[in-house]
Amino acid sequence: MTKEELMRKAIELSKENVANGGGPFGAVIAKDGEIIATGVNRVTALCDPTAHAEVSAIRAATSQLGTFDLSGYEIYTSCEPCPMCLGAIYWARLDKMYYGNNKTDAKNIGFDDSFIYDELELKPADRKLPSEILLHKEALKAFEAWSQKTDKVVY
Ligand SMILES: [Zn+2]
């Protein structure tokens with residue numbers, strides 16, 4: 001499939017999801033023009049605020065392939081991702097992202113994630129989410145154990 005055909009599939013998924021009661025978002029993960037996995041927004045159906053189309057597609061792909069590393073794969077998403085999904089795309093090490101709608105289009109229909117992008121610019125103490133460091137020395141014990149472990153799977 002061409003990149004346009006792959007994007008058209010992501011868009012089709014987003015439209016089908018609206019008809020099925022979900023949000024207007026779909027995503028496809030592909031390699032060499034072949035679809036490996038798809039995802040749609042399932043936030044309300046699963047009562048899962050992290051079940052965005054991109055995260056759902058990444059979970060489906062990694063589960064199917066048995067790896068946490070999607071190097072060599074591309075993601076086609078019907079809309080420019082929110083900060084969570086963009087982070088997930090980086091963590092999954094996808095090679096390239098294509099998107100259809102942009103975040104302004106999403107904002108115009110009530111999906112405004114710009115406040116999260118704005119929050120990222122601020123120091124933790126200045127964010128809307130009250131945050132404070134707690135039990136730092138105790139928490140560091142797990143990091144020390146990780147640093148000393150010789151047979152870990154680095155990711
Ligand atoms: Zn998202």
Those residues of the stretch 87-108 that are without any contact (Cβ under 8 Å) to a residue 24 or more places away in the chain, out of contact with any helix residue (DSSP H, G or I) (no Cβ under 7 Å at 6 or more places or on another chain) and within 16 Å of the ligand (Cβ to nearest atom) come to a total of 7
If we ask which residues in the stretch 111-152 are within 30 Å of ASN41 (Cα to Cα), in a helix (DSSP H, G or I) and not acidic (Asp, Glu), their number turns out to be 6
Might you let me know whether the stretch 7-25 holds any residue that is outside any loop (DSSP other than H, G, I, E, B), more than 12 Å from the ligand (Cβ to nearest atom) and under 12 Å from the mean Cα position of the chain (by Cα)? no
- Message: Can you find a residue that is within 10 Å of the ligand (Cβ to nearest atom), modelled with pLDDT of 95 or more and either at negative phi or in a loop (DSSP other than H, G, I, E, B) (or both) anywhere in the stretch 31-46?
- Response: yes
Practice prompt. Output yes when any residue across the stretch 84-96 is part of a loop (DSSP other than H, G, I, E, B), closer than 27 Å to THR2 by Cα and among the hydroxyl-bearing types (Ser, Thr, Tyr), and no when none is.
Written response: no
Exactly one of ASP69, ASP113 is surrounded by fewer than 21 Cβ atoms within 10 Å (Cβ to Cβ), in contact with a Pro (Cβ under 7 Å, 6 or more places away or on another chain) and over 20 Å from ARG8 (Cβ atoms), and that one is ASP113
In the stretch 116-140, anything surrounded by fewer than 10 Cβ atoms within 10 Å (Cβ to Cβ) and of a type in the set (Lys, Arg) is listed as LYS123, LYS137
Taking the stretch 49-66 and the residues there that are within 16 Å of the ligand (Cβ to nearest atom), small (Gly, Ala, Ser) and part of a helix (DSSP H, G or I), the one that is surrounded by the fewest Cβ atoms within 10 Å (Cβ to Cβ) would be ALA60
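The values are calculated or read from the model by the stated rules, or taken from the named source; none is laboratory data. Computed from a predicted structure; not experimentally measured. Because the Cβ atoms are built from the backbone with ideal geometry, glycine has one as well, and the counts that use them run over all protein chains shown.
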